[in-house]
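Presented below is the structure to which this report refers.
Every read-out reported here was derived from the displayed coordinates using simple, explicitly stated rules and does not represent laboratory data. Worth saying up front: this structure is predicted, and the values here are computed from it rather than measured. Cβ coordinates were reconstructed from backbone atoms using ideal geometry, including for glycine residues, and neighbour counts include every protein chain displayed.
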Amino acid sequence: MAPQNIVILGGGVGGTLTANLLARKLTRKQATITVIDRTGRHAYQTGWLYVPFGGAPPEKLERSERRLLHRMVELVVGEVARIDAQGHVIEMVGGEWLPYDYLVVATGAQLVPDVIPGFAEGAYHFYSAEAALRLHAALREFKGGKIIVGAAGLPYKCPQAPLEFAFLLDDYLRKQGMRDLSQIVYTYPLESVYPSEGVSDFAAPLLAERCIATELNFTPAAVDPQLRKLTATNGRSLEYDLLVMVPPHRGAAVIVASGLGDGQGWIATDRETLQSKQYDNVYALGDAADVPVNKSGAAAHFEAHVVANGWLHRFAVSNRPISTMVR
Ligand SMILES: Cc1cc2nc3c(=O)[nH]c(=O)nc-3n(C[C@H](O)[C@H](O)[C@H](O)COP(=O)(O)OP(=O)(O)OC[C@H]3O[C@@H](n4cnc5c(N)ncnc54)[C@H](O)[C@@H]3O)c2cc1C
């Protein structure tokens, strides 16, 4: 029997781990495993949170994807333009076509600042290496005033990140001797400071203790960079000297272009098996999937085990036994 052709889109947390878990259990006679990634560089995104405060620079937070992958896994560096899920084929930018028997989609999320007028010009953030460096420069220039920290909308990856940023900022301003010259306001789209009650109940008193004001039920609708004014969908507005806001998120552009996502580009995914609800030879995990868990590296990590074990079980049932599950 010809080897099964498994293609994994995305060399982030979910894609890299799934590829390696499968490679540890399969031989080249059983399967070919290919990861396609646009840069071939694996970024430790959590580290971007610390860049604005002078933490490790982005180049220190990256690794060669090739070096992270099991030797059996082939890496293709390039941009996927479209997935033809009915034809079982991937179209690359540049026109090359790559067929698959099984597809694992781990394309993460894309940032879409443009859905909020003025956001791209008026707001800083730390959700990419470049943006984190820009914010680092802005903080170095900051001489006191009002800083708004918040999230533009849900869902977004790493839900705790704006809270963490607010606390780190408080600490940073104290160390710079600027806390008395500054106000920090934390805005959030929900009635609470975090989506889950436990974290919210824990974090809200800490914010108060640090004199970080909160504006809840606050979903940004527009930024006026000239007037330095942030307006919410309910008409409330806040003036600022520095705006630090997690940008709106959507599913990856390729998912939207391939018609595989919902209105926001998240893939309809079975929460038990992580198979696409549309195509049973397609799996989705990590930020790309619409399953009701945090979009986080931790979730992607555990989901990779579900995808790999699910696929190995399926393969064992339909073909030949495979020794054990991956751990
Ligand atoms: C500031 C910050 C702090 C965070 N902190 C934490 C934390 O403390 N704990 C935690 O668990 N998580 C944290 N996260 C979230 C975590 O990084 C993500 O949830 C995780 O990386 C998701 O994994 P993924 O595999 O789904 O997507 P990603 O790791 O984002 O990987 C997606 C990959 O797909 C590739 N790709 C997308 N489209 C294409 C295409 N068309 N062609 C080719 N390649 C493509 C991308 O280049 C990328 O390599 C943080 C994120 C940020 C931004």
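Work out the FRET efficiency for Arg67 and Leu216 from their Cβ-Cβ distance, taking R0 = 35 Å, and round it to the nearest 0.05.
Using R0 = 35 Å, I get an efficiency of 0.20.
Val104's amide H: which non-local residues (gap 5+, or another chain) put their own amide H closer than 5 Å, with H modeled 1.01 Å from N in plane and none for Pro or chain starts?
Long-range HN contacts for Val104: Val7, Ile8, Leu9, Tyr283.
Amide H neighbours of Ala152 under 5 Å, counting only residues 5+ apart in sequence or on other chains, H built in-plane at 1.01 Å?
It is Val246, by chain and number.
Using a simple spin-label model with points 7 Å from Cα along the Cα→Cβ vector, what separation in nm is obtained for Gln264 and Met92?
According to this spin-label approximation, the distance is 3.3 nm.
Please report the equivalent ellipsoid semi-axes of region 113-247, computed as sqrt(5 x eigenvalue) of the Cα gyration tensor, largest first, in whole Å.
Working through the eigenvalues yields semi-axes of 19, 19, 14 Å.
Counting only Cα atoms, I'd like the Rg/Rh figure for region 60-134, Kirkwood definition for Rh.
Looking at region 60-134, the ratio lands at 1.07.
222 nm [θ] for the chain, helices only, -39500 (n - 2.57) per DSSP H run of 4+, per residue, to 500?
Result for the chain: -8500 deg cm²/dmol, rounded to the nearest 500.
Ala208 to Arg38: FRET efficiency via 1/(1 + (r/R0)^6), r the Cβ-Cβ distance, R0 35 Å, to the nearest 0.05?
After rounding to 0.05, the efficiency reads 0.25.
Which angle between 0 and 90 degrees, to the nearest 10, do you get for helix 197-209 versus the longest principal axis of the chain when only C-alpha atoms count?
The helix 197-209 is inclined about 30 degrees to the chain.
Gain in length, Glu130 to Val115, computed as 0.36 nm per residue apart minus the alpha-carbon separation, to one decimal in nm? Numbers along the way, then the final one.
Values: separation 15, 0.36 × 15 = 5.40 nm, distance 1.97 nm.
Full-extension gain reported as 3.4 nm.
Compute the FRET efficiency between Leu190 and Met1 as 1/(1 + (r/R0)^6), taking r as their Cβ-Cβ distance and R0 = 45 Å, and round to the nearest 0.05. Each step should come with its number before you reach the end.
Details: r = 52 Å, r/R0 = 1.15.
The value I calculate is 0.30.
Between helix 161-175 and the chain, what is the angle of the helix's C-alpha long axis to the longest principal axis, kept within 0 to 90° and rounded to the nearest 10?
The two axes meet at around 40 degrees.
If the cut-off is a Cα-Cα distance under 21 Å, which lysines reach Lys60, setting aside same-chain residues fewer than 8 apart in sequence?
none
What angle do you read, to the nearest 10 degrees and between 0 and 90, between the alpha-carbon axis of helix 13-25 and the longest principal axis of the chain?
The two axes meet at around 30 degrees.
Working from the pairwise distances between different alpha carbons, so that the mean of 1/r is found and then inverted, what is the chain's Kirkwood radius in Å?
After inverting the mean inverse Cα-Cα distance, the result is 21.1 Å.
Lysines near Lys277 by alpha-carbon distance under 23 Å, same-chain residues fewer than 8 away left out - which ones?
Hits, sequence-local ones excluded: Lys157, Lys295.
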